[in-house]
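Notes for the one structure printed next.
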Amino acid sequence: MQTQRLVTMAVCLVVVAAACSSSEGDQATTSLATTSTTISATTTDVPATTTTTASSTTTTVAAVSAEDALAVVFSAIEARNSGDIDTYKTSLTGEELGFEVKVRIAEAFTYANATTELSDCRVTANTPRGSFVECESISTDDFYGAGGIVDSGTVTFLVTEDRKISGSSDEGDDIPWEETEMAMFNLAFHSWLMDAHPSVFDDIVVFPHELGNIPGLNFGGHQPAEMGIAVQYVGEFVAQSDVYPINS
């Protein structure tokens, strides 16, 4: 997937809360909305791996069943889509690559009504490390969606024997972030916002903005709710753009 490093992913609502408010200036009140997930799966168990040599036969026992592995993935995505970030957090191992970043991205995108739909999920391998679950994924949200950007492709999760997600990857992981459609959209939005609404830009844009960072990530004191502010201005940005929405 060339448009998202979120898995997650990357990247996204039962919780209802105010995002940010201001009685003056360009900032206005934003609230969360409830969204849903569509998930379908293939639940056929993958047999344990057997290795045969001239003198012996070794069977590698699966760390977690296919049924349990699928259930872990579905539960995590449902929690993230519903805005239950605490539950989503508990579905990840502390060693999961980019753990804090994934959690902050998920939290920020609750303010953009983000959802991920999984389909054709299947366990592709059972190993001592855990089970690999591969799914077709479509992720949408109000921020990137305004620019015509939809994240779709194949995502793979590793579910460990303690029923947690230890890692995830997607088809676009080998593409540098600054070359993705999402980063380029962020950069164009930031540049416009700096001129059109400088006070808002100063409040919500993560520096250095030239990297096309996601609004609302908790770096340098920024908070996920700032994504809600970005969503309020993204329509105005797209309306004056000659590039966005793409594929229109």
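General remarks:
- Filter result for ALA188 (farther than 27 Å from LEU70 by Cα and in contact with a helix residue (DSSP H, G or I) (Cβ under 6 Å, 6 or more places away or on another chain)): no
- Filter pass, ALA71 being touching a Phe, Trp or Tyr at 6+ places or on another chain (Cβ under 6 Å), small (Gly, Ala, Ser), more than 18 Å from ILE138 (Cα to Cα) and surrounded by fewer than 24 Cβ atoms within 10 Å (Cβ to Cβ): no
- Of all residues making up the range 146-167, the number that are crowded, with 19+ Cβ neighbours inside 10 Å and touching a helix residue (DSSP H, G or I) at 6+ places or on another chain (Cβ under 8 Å): 8
- For the range 114-225, the helices (runs of 4 or more DSSP H) that sit wholly inside it and include 1 or more residues that are within 21 Å of GLU100 (Cα to Cα) and at pLDDT below 90 are 181-196, 198-204.
Each row is one residue, and each column tells you yes or no for (1) outside the structural domain of GLU181 (by TED's automatic domain parsing); (2) buried (at least 24 other Cβ atoms within 10 Å of the Cβ); (3) closer than 30 Å to LEU187 by Cβ.
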residue	(1), (2), (3)
ALA108	yes, yes, yes
ALA112	yes, yes, yes
THR116	yes, yes, yes
ASP120	yes, no, no
VAL123	yes, yes, no
ARG129	yes, no, no
GLU136	yes, no, yes
SER139	yes, yes, yes
PHE143	yes, yes, yes
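- Meets criteria (at pLDDT below 85 and out of contact with any Gly (no Cβ under 8 Å at 6 or more places or on another chain)) for ASP242: no
- Residue in the range 82-98 that is at pLDDT 90 or above, in the same structural domain as SER166 (by TED's automatic domain parsing) and in contact with an Asp or Glu (Cβ under 7 Å, 6 or more places away or on another chain) present: yes
- Residue within the range 195-206 that is outside the structural domain of VAL231 (by TED's automatic domain parsing) and β-branched (Val, Ile, Thr) present: no
The values are calculated or read from the model by the stated rules, or taken from the named source; none is laboratory data. These numbers were taken from a predicted model, which means no experiment stands behind them. Methodologically, a virtual Cβ is constructed for each residue, glycine included, from the backbone with ideal geometry; neighbour enumeration extends over all protein chains shown.
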